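So the structure is just underneath, and the comments pick up after that.
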Amino acid sequence: MVLSTTPAPRLYFPTHGDDGYRVAHYDLSLDYRIGPNRLGGVARISAVALRPLTRLALDLGAFRVSAVLVDGVGVRFTHRDGKLHLAPLRLWPGTFTIEVRYAGTPRPVNSHWGGLGWEQLTDGVIVASQPIGAPSWFPCNDRPDDKASYRFSVTAASAYQVIANGEPVSRRRAASATTWVYEQREPMAAYLASVQIGRYQLAEPAPGMRLAFPARHASRVRHDFERQARMMEVFGERFGPYPFGSYTVVVVDDELEIPVEAQGMSIFGRNHVDGRRGEERLVAHELAHQWFGNSLTVADWRGIWLHEGFATYAEWIWSEVSGGLSSDDHALRWHRRLAALPQNFVLADPGPRRLFDDRVYKRGALTLHALRRTMGDDAFFALLREWTAGHRHGTVTTEAFTALAARRTTAAVDGLFSAWLHDTRLPALP
């Protein structure tokens with residue numbers, strides 16, 4: 001059994017989420033006007049009370065809430081500081097429904113990393129919510145461990161394409177507006193819910209794979225994502241079957257600092273597409289998040305390396321398969337770089353301000369490479385396939401991963417995990 005020195009769990013974002021209930025399904029009906037940036041919504045939320053509740057809270061940004069109903073009956077509510085409080089209630093353990101009617105100007109949630117969530121583009125909308133931006137556009141229980149199915153009905157001007165998580169169900173035009181309906185059947189954390197609105201050309205380069213992009217960038221986009229189908233095959237062999245029904249890439253006609261993953265979807269800026277596959281490692285990274293981050297989602301944000309370390313290691317795997325540097329070469333290069341940085345960082349609990357520190361990504365990948373060297377390729381990739389199969393569409397923790405690895409190898413891995421995950425000093429590679 002792996003000995004862990006992990007400290008007791010602590011919430012990185014204690015004002016987000018409510019542990020008194022879990023959501024089973026969100027049904028979101030949205031009407032968006034692009035010019036004035038006005039969003040009207042009706043959210044119908046099917047939930048389960050985990051204990052008797054006299055009050056509960058949803059996370060919701062600065063909208064005007066006109067009504068809230070619980071099981072069809074209007075209830076009293078207060079809405080301030082990003083929380084929609086419902087009280088008094090008399091809910092017993094079991095199922096109930098909430099309906100929230102709201103409208104206003106969606107604003108990104110302020111954070112250490114800038115605005116998160118619903119944001120206007122030059123001509124359209126991007127939604128990039130990780131980790132706490134979901135309340136910028138719908139009422140939710142904003143916890144990564146509360147995963148639910150979704151239905152999105154989004155009405156926007158007919159000149160624009162609307163793309164959301166899941167599978168397209170219908171499209172209906174009425175006068176100058178079109179309503180798009182998508183269903184995301186696999187459970188999804190609120191921060192991964194996404195709507196993209198823009199003037200996009202659509203293509204399907206392979207079965208189950210969709211591209212949406214500005215027409216003027218068509219040739220560059222098609223070239224840069226041409227090898228994505230092969231990438232999907234490689235990751236399917238290494239990680240197990242792709243966990244969702246389809247995969248959509250959206251390229252927006254604005255520059256983005258980094259690409260963004262959502263469930264069954266990734267969003268890139270025009271600056272990530274050069275017609276020379278110059279950013280192909282990012283294509284691999286975002287695709288890998290469909291396994292690590294979206295199907296397997298951290299139970300709390302301390303375990304962010306289970307997303308970013310795995311996706312970074314997928315970059316190295318793709319590199320060695322596609323004729324680039326080997327994983328050994330990447331590991332040696334990044335180990336030298338990290339060794340020159342301050343040794344003041346704990347991978348298994350980096351703290352909220354360091355969620356997206358580059359050391360989470362690269363030390364996380366190095367941890368996996370150290371484990372691969374220790375176990376051998378066959379046992380290591382069998383472990384990853386068992387990991388993704390056993391927790392498919394669920395939540396995961398560092399402790400669960402290290403325990404599974406310890407059960408699946410005769411090698412001594414307790415010391416390896418203690419050094420790589422819980423010590424500040426960067427260990428030597430095996």
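The values are calculated or read from the model by the stated rules, or taken from the named source; none is laboratory data. Model, not experiment: these values are computed from the prediction. Backbone-built Cβ (ideal geometry, glycine too); neighbour counts: all protein chains shown.
Tabulated results
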{"read-out": "Cross-chain or 6+ apart pairs with Cβ under 6 Å, region 379-393 first and among the aliphatic types (A, V, I, L, M), then assigned to a loop (DSSP other than H, G, I, E, B) and modelled with pLDDT under 95", "value": "Ala379/Thr409; Leu383/Arg408"}
{"read-out": "Residue check, Val154 farther than 18 Å from Val249 by Cα and part of a strand (DSSP E or B)", "value": "yes"}
{"read-out": "Restricting region 173-200 to residues that are farther than 15 Å from Ile126 by Cα and among the aliphatic types (A, V, I, L, M), the residue that is surrounded by the fewest Cβ atoms within 10 Å (Cβ to Cβ)", "value": "Ala175"}
{"read-out": "Among the residues listed as Asp27, Asp59, Asp31, the single one being touching a helix residue (DSSP H, G or I) at 6+ places or on another chain (Cβ under 6 Å), within 30 Å of Val162 (Cα to Cα) and among the acidic types (Asp, Glu)", "value": "Asp59"}
{"read-out": "Candidate set from region 227-279 (those that are touching a helix residue (DSSP H, G or I) at 6+ places or on another chain (Cβ under 6 Å), in a loop (DSSP other than H, G, I, E, B) and without any contact (Cβ under 8 Å) to a residue 40 or more places away in the chain); member that is farthest from Arg185 (Cα to Cα)", "value": "Glu255"}
{"read-out": "Listing of helices (runs of 4 or more DSSP H) fully contained in region 315-419 that carry 3 or more residues being acidic (Asp, Glu) and at pLDDT below 95", "value": "none"}
{"read-out": "Within region 111-141, considering residues that are part of a strand (DSSP E or B) and either closer than 17 Å to Phe13 by Cα or small (Gly, Ala, Ser) (or both), the one nearest to the chain's Cα centre (by Cα)", "value": "Ala128"}
{"read-out": "Residue count for region 186-208, restricted to those that are without any contact (Cβ under 8 Å) to a residue 40 or more places away in the chain and either closer than 23 Å to Gly269 by Cα or in a strand (DSSP E or B) (or both)", "value": "6"}
{"read-out": "Residues (within 28 Å of Asp224 (Cα to Cα) and in contact with an Asp or Glu (Cβ under 9 Å, 6 or more places away or on another chain)) located in region 325-361", "value": "Ser326, Ser327, Asp328, Asp329, His330, Phe356, Val360, Tyr361"}
{"read-out": "Hey, Leu368 within 16 Å of Phe292 (Cα to Cα), buried (at least 22 other Cβ atoms within 10 Å of the Cβ) and touching a Phe, Trp or Tyr at 6+ places or on another chain (Cβ under 6 Å) or not", "value": "yes"}
